[in-house]
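Visitor: Input: one structure, supplied below.
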Amino acid sequence: MSASNIKRWRGSLAAGLVASLSSHVAFAAPPGEAAGRVVTDAIDRTLLALKDDQISETEADTILELIDVEGVARFSLGRHWRGLSDPEQAEFVEAFRFFARTQLRDQLTQFSGAKIDTVRSIERKPGDMIIITKVTGLGDTEYLVSWRMTAADGWKIADIEILGIWFAIEQRAQFAAILDRNGGDIRSLIQELRPLT
């Protein structure tokens, strides 16, 4: 995957995430209430950070606390995860966290002012929910954003879908392409993530 493709992909990922985090949301009653509170918390933390129109590393980390960064990082590697040693897994998770933190800091200020309303919540199974929201206020476009929420260790954001793309799934395909091209060398992927962020 070329650098330009990764940049376009990461921009779309960040756009989907920050649009979903950039305004207040009105949530329906249970079963989506608990998961909805996590999203509301993420929004509140984001709006507080944006009061000075910039996101510090510390502020970005407070938002990342509500995202299952380790789980998404693990999922994104697919079959390659199991072949890594413990130190390699830890190194990749930290690189992924760096990537996510940098995207929040770089992109959040561009997406403040959106209006988001809940359309519905869907319980896939206990501890696994989809919350569907409608985003308006970003130009003339109106679109749906779906949040995948999981509760393995309290409710956290596990994935976001926008314009028909689930980003953790897309990310997994992109990472697999890099690793396949480089013989499964995890350091090649880490090097792709860090310089581009």
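Visitor: If you check every pair at least six apart or on different chains, which have Cβ atoms under 9 Å apart with a residue in segment 24-49 that is under 11 Å from Ile63 (Cα atoms) and among the aliphatic types (A, V, I, L, M) first and a residue that is modelled with pLDDT under 75 and part of a loop (DSSP other than H, G, I, E, B) second?
Guide: That search, which allows pairs on different chains as well, returns Val39/Phe27; Ile43/Ser22; Ile43/Ser23; Ile43/His24; Leu47/Ser22; Leu47/Ser23; Leu47/His24; Leu47/Ser112.
Visitor: Taking strands (runs of 3 or more DSSP E) that do not extend beyond segment 62-171, which have at least 3 residues that are more than 16 Å from the chain's Cα centre (by Cα) and surrounded by fewer than 19 Cβ atoms within 10 Å (Cβ to Cβ)?
Guide: 115-125, 128-138, 141-150
Visitor: Quick check on this structure: which one of Leu50, Leu66, Leu104 is aliphatic (A, V, I, L, M) and out of contact with any helix residue (DSSP H, G or I) (no Cβ under 6 Å at 6 or more places or on another chain)?
Guide: Of the residues listed, the single one that is aliphatic (A, V, I, L, M) and out of contact with any helix residue (DSSP H, G or I) (no Cβ under 6 Å at 6 or more places or on another chain) is Leu50.
Visitor: Write out, first by first residue and then by second, each pair whose Cβ atoms fall under 8 Å of each other, whose residues are 6+ apart or on separate chains, and whose first residue, in segment 80-95, is closer than 12 Å to Leu189 by Cβ while the second is aliphatic (A, V, I, L, M) and not in a helix (DSSP H, G or I).
Guide: Phe92/Leu84
Visitor: Can you tell me which residues in segment 162-177 are farther than 20 Å from Gly71 by Cβ and modelled with pLDDT of 90 or more?
Guide: The one that is farther than 20 Å from Gly71 by Cβ and modelled with pLDDT of 90 or more: Ala177.
Visitor: For segment 175-189, check the following and say yes or no: at least one residue is surrounded by 14 or more Cβ atoms within 10 Å (Cβ to Cβ), under 17 Å from the mean Cα position of the chain (by Cα) and part of a strand (DSSP E or B).
Guide: Within segment 175-189 (the criterion being surrounded by 14 or more Cβ atoms within 10 Å (Cβ to Cβ), under 17 Å from the mean Cα position of the chain (by Cα) and part of a strand (DSSP E or B)), the answer is no, since none of the residues qualifies.
Visitor: Name every residue in segment 123-142 that is within 15 Å of Gly113 (Cα to Cα), touching a residue at least 12 places away in the same chain (Cβ under 8 Å) and not small (Gly, Ala, Ser), in order of residue number.
Guide: Lys134, Val135, Thr136, Leu138
The values are calculated or read from the model by the stated rules, or taken from the named source; none is laboratory data. Only a predicted model underlies this, so the values are computations on that prediction, with no experimental measurement involved. When we count neighbours, we look across all protein chains shown, and the Cβ atoms used for this are built from the backbone with ideal geometry, even at glycine.
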